[in-house]
Amino acid sequence: MSRSPTALLTLRVAVEKWPLKAPFHITGYTMVDTDLVVVTLEQDGLSGRGEAAGVYYFNDDTAAMVAQLERVRSTIEAGIDREGVQRLLPAGGARNALDCALWDLEARRIGVPAWKMAGLGRVAPLITAHTISADSPEKMGRAALDYALAKLIKLKLTGEPEDAERVRRVRAMRPDVRLIVDANQGFTRTTLLELLPALVDANVELIEQPFKIGQETLLEDLDSPIPFGADESAQTAADVERMAPYFDVINIKLDKSGGLTEALAMLREIQRLGLDAMVGNMTGTSLGMAPALIVAQACKFVDLDGPMFLRSDRNPPVTYHDGAIWCPEALWGAGASTETHR
């Protein structure tokens, strides 16, 4: 039986630093740890949590996220629902952490798991990409071997001349896996056209975000047998229709969209336009992956390997087994039941 809240909300905002196992390289950026904002909402003896890493290429860092939340603290603590959050804060990490905390709190309050609240009939473990950061071809090849159980590998590329050899080396080391690549805006039209034969030869299934934001029209007449995916170019549901002429796949990230509520709206828009969906992450712990796994149930590509790069994780953590990710309900979004639903 669900019950109505009888007390005001209490908002707690914490900043956490989670060291990585090793530096992680993408185009124009190297990470050695990940800074997270964790929102906890308490009401009637129950609590809900949400986590955000922010969007680094929009300067959506922990200081900015905390400042956004503190500016609206009184409004939040007076009582707010998920619909109100969409009006209160813009898309980005602060809204993501708050929105996901509300989902978690509501699931616990009404005794219905978050996946049922989202309208799913079931949730299942899903094959996730195992990401290899940009490095020398030799190191990327060795990293591919280290992911012995991976079924899908994602390569970070940079637009540098060694990209082709990076792809060839990984494919030679792992002829058994599916491959996708991510440029993080690092290609030019020339470098992409030069690289494309190597990608085709390696049976790459997706080229994610080849060009800079604002250069999407460069894809308009580019003949490629490999589909293109939008990441940085598509933030929220409002961006999807505008990106549809250029991309085949849209990558949904809760930090970009501003939470699970907008991510589900983004997914509906992607489906309406007949595109394929992907779900990704801006790094984070298992707490950040859990709500994204709900979106992942309807996605062609899943990239939720963020916790694999951390020295430690939440308890209980998501699990990675035989290339797939699974989230225990006790971590986030638990209702009255804690059955596994496998």
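The values are calculated or read from the model by the stated rules, or taken from the named source; none is laboratory data. As the structure is a prediction and not an experimental result, all values here were calculated from the model. Heads up, the Cβs are rebuilt from the backbone with ideal geometry, glycines too, and the neighbour counts pull from every protein chain shown.
Annotations
Here's the yes/no breakdown for (1) closer than 24 Å to A238 by Cβ; (2) touching a Gly at 6+ places or on another chain (Cβ under 6 Å):
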site: R12; (1), (2): no, no
site: W18; (1), (2): no, no
site: G28; (1), (2): no, no
site: Q68; (1), (2): yes, no
site: G79; (1), (2): no, no
site: A97; (1), (2): yes, yes
site: A101; (1), (2): yes, yes
site: R109; (1), (2): no, no
site: V112; (1), (2): no, yes
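- Boolean, A202 is more than 30 Å from N59 (Cα to Cα) and either buried (at least 21 other Cβ atoms within 10 Å of the Cβ) or out of contact with any Asp or Glu (no Cβ under 9 Å at 6 or more places or on another chain) (or both): yes
- Considering residues of region 310-338 that are hydroxyl-bearing (S, T, Y) and assigned to a loop (DSSP other than H, G, I, E, B) only, the residue modelled with the lowest pLDDT: T338
- Unique match (being free of Cβ contacts under 8 Å to residues at least 24 places away in the same chain and out of contact with any strand residue (DSSP E or B) (no Cβ under 9 Å at 6 or more places or on another chain)) among A63, A78, A91, A67: A67
- Residue check, V181 buried (at least 18 other Cβ atoms within 10 Å of the Cβ) and either among the small types (G, A, S) or in a helix (DSSP H, G or I) (or both): no
- Residue check, D60 in contact with a Ser or Thr (Cβ under 6 Å, 6 or more places away or on another chain) and within 23 Å of G258 (Cα to Cα): no
- Extreme residue, surrounded by the fewest Cβ atoms within 10 Å (Cβ to Cβ), among residues of region 42-77 that are of a type outside the set (D, E) and on the phi > 0 side of the Ramachandran plot: G45
- Residues being of a type in the set (A, V, I, L, M, F, W, C), within 18 Å of N184 (Cβ to Cβ) and crowded, with 24+ Cβ neighbours inside 10 Å - total across region 215-246: 2
- Taking region 5-19 as the range and being at pLDDT 95 or above and in contact with a helix residue (DSSP H, G or I) (Cβ under 7 Å, 6 or more places away or on another chain) as the test, the residues that pass are L9, T10, L11, V13, V15.
- Any hit, region 98-111, residues being outside any helix (DSSP H, G or I), surrounded by fewer than 17 Cβ atoms within 10 Å (Cβ to Cβ) and modelled with pLDDT of 95 or more: yes
- On the stretch given as region 254-301, residues that are assigned to a loop (DSSP other than H, G, I, E, B) and modelled with pLDDT of 95 or more total 13.
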